[in-house]
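Below is one structure; the comments refer to it alone.
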Amino acid sequence: MRILVVDDEPHLSDILKKALKQEGYSVDIAQDGLDGLELAKMNIYDVIVLDIMLPKIDGIQILNKLRNLKINTPVLMLTAKDTTEDKIKGLDTGADDYMTKPFEISELMARIRALLRRQAPVKNPILKIADLEVNTLTREVKRNGKEIILTSKEYALLEYMIRNANQVLTRTQIADHIWDYDFDGLSNIIDVYIRYLRKKIDDGYDKKLIHTIRGSGYSLKET
């Protein structure tokens, strides 16, 4: 999962980036409105955390431009402006949720998880393929009823793959959504984490779920 945070407070941005990365998300940071708008237009994000009061152009303008471009990424407005009028303006422009500063990091994480669930094809937090189950609410992973313990990055990779089950995911797509680095030099890291997942998900089972698509990437599928 890849998240964009647009906020002009460096200390808060650093806190949010650290907290989100600990949860297994890939995070991009923009500290003014123009940079935030360009990132949101150039990249595919799962959620955008957007401040209203920004240098250059404000969050409402950014949101309005994104919606006019048919970019429907879920947007969580994060701002010190807490009047009812401000909230209505943000929501009417196309925001999906609204939080005021100061806030609890734990609540922000819960709201991001809710936005991710909301955009899923089904509202059931449990994603399944064959006998593999991923609970996106609790982050519990089971195969054939047996619990599998994953690191945060392994979990992020598996959730991305199961949300896109039966599709071929290129290394570039995986890098964009799971790692917040440029793709150069990441191919080997992705291969390593795929091996980690295979060992935990597929070892000991006749039916393998993680497949290498030669020359293209990887796919999570039953056959």
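Condition check ((1) over 13 Å from the mean Cα position of the chain (by Cα); (2) within 20 Å of residue 204 (Cα to Cα); (3) in a helix (DSSP H, G or I)) across all residues:
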| position | (1), (2), (3) |
| --- | --- |
| 128 | yes, yes, no |
| 133 | yes, yes, no |
| 137 | yes, no, no |
| 147 | yes, yes, no |
| 158 | no, yes, yes |
| 166 | yes, no, no |
| 172 | yes, no, yes |
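Every test in (1) closer than 22 Å to residue 173 by Cα; (2) crowded, with 17+ Cβ neighbours inside 10 Å is passed by residue 52 save one, and that test is (1). If we keep just the residues of the stretch 23-49 that are part of a helix (DSSP H, G or I) and surrounded by fewer than 20 Cβ atoms within 10 Å (Cβ to Cβ), which is modelled with the lowest pLDDT? If we take residues in the stretch 23-49 being part of a helix (DSSP H, G or I) and surrounded by fewer than 20 Cβ atoms within 10 Å (Cβ to Cβ), then 42 is modelled with the lowest pLDDT. Under the condition of being modelled with pLDDT of 95 or more and touching a Lys or Arg at 6+ places or on another chain (Cβ under 7 Å), which residue from the stretch 132-146 is most open to solvent (accessible area, probe 1.4 Å)? The qualifying residue most open to solvent (accessible area, probe 1.4 Å) is 133.
Restricting the first member to the stretch 150-166 and to residues that are within 11 Å of residue 193 (Cβ to Cβ), and the second to residues that are of a type in the set (Phe, Trp, Tyr) and open to solvent by 40 Å² or more (accessible area, probe 1.4 Å), the beta-carbon pairs closer than 7 Å and six or more apart or on different chains are 153/193; 154/193; 154/196; 157/193.
Only residues that are β-branched (Val, Ile, Thr) and either open to solvent by less than 10 Å² (accessible area, probe 1.4 Å) or modelled with pLDDT of 90 or more (or both) were counted in the stretch 61-72, giving 1.
Is the stretch 2-16 home to any residue that is modelled with pLDDT under 90, outside any strand (DSSP E or B) and of a type outside the set (Gly, Ala, Ser)? Before the answer, list the steps.
So in the stretch 2-16, the residues modelled with pLDDT under 90 come out as 2.
From what is left, the residues that are outside any strand (DSSP E or B) are none.
No.
Take the residues in the stretch 74-84 that are in a loop (DSSP other than H, G, I, E, B) and modelled with pLDDT under 90; name whichever of them is most open to solvent (accessible area, probe 1.4 Å). Working first, answer last.
Let us first name the residues in the stretch 74-84 that are in a loop (DSSP other than H, G, I, E, B), namely 74, 80-83.
When the remaining residues are screened for being modelled with pLDDT under 90, the result is 80-83.
On the way: 80: 62, 81: 74, 82: 97, 83: 61 Å².
In this case the residue turns out to be 82.
For the stretch 5-22, name all the residues that are within 21 Å of residue 43 (Cβ to Cβ), open to solvent by 70 Å² or more (accessible area, probe 1.4 Å) and in contact (Cβ under 8 Å) with a residue 40 or more places away in the chain. Result: 21, single match.
Restricting attention to the stretch 170-181, does a residue exist that is more than 21 Å from residue 46 (Cα to Cα), in contact (Cβ under 8 Å) with a residue 60 or more places away in the chain, surrounded by 15 or more Cβ atoms within 10 Å (Cβ to Cβ) and not hydroxyl-bearing (Ser, Thr, Tyr)? Talk me through it step by step, then tell me what you get.
First pass over the stretch 170-181, keeping only residues more than 21 Å from residue 46 (Cα to Cα): none.
No, the stretch 170-181 has no match at all.
Residue check: is residue 206 modelled with pLDDT of 85 or more and surrounded by fewer than 12 Cβ atoms within 10 Å (Cβ to Cβ)? So residue 206 fits the description; yes.
For the stretch 12-34, the tally of residues that are acidic (Asp, Glu) and in contact with a Lys or Arg (Cβ under 8 Å, 6 or more places away or on another chain) stands at 2.
The values are calculated or read from the model by the stated rules, or taken from the named source; none is laboratory data. Just so we're clear, the structure is a prediction, and the values are computed from it rather than from any experiment. Neighbour counts run over all protein chains shown; Cβ positions are idealised from the backbone, glycine included. Just the protein is used for accessible areas: all its heavy atoms, side chains included, with ligands, DNA and RNA removed. Shrake-Rupley method; radii C 1.70, N 1.55, O 1.52, S 1.80 Å.
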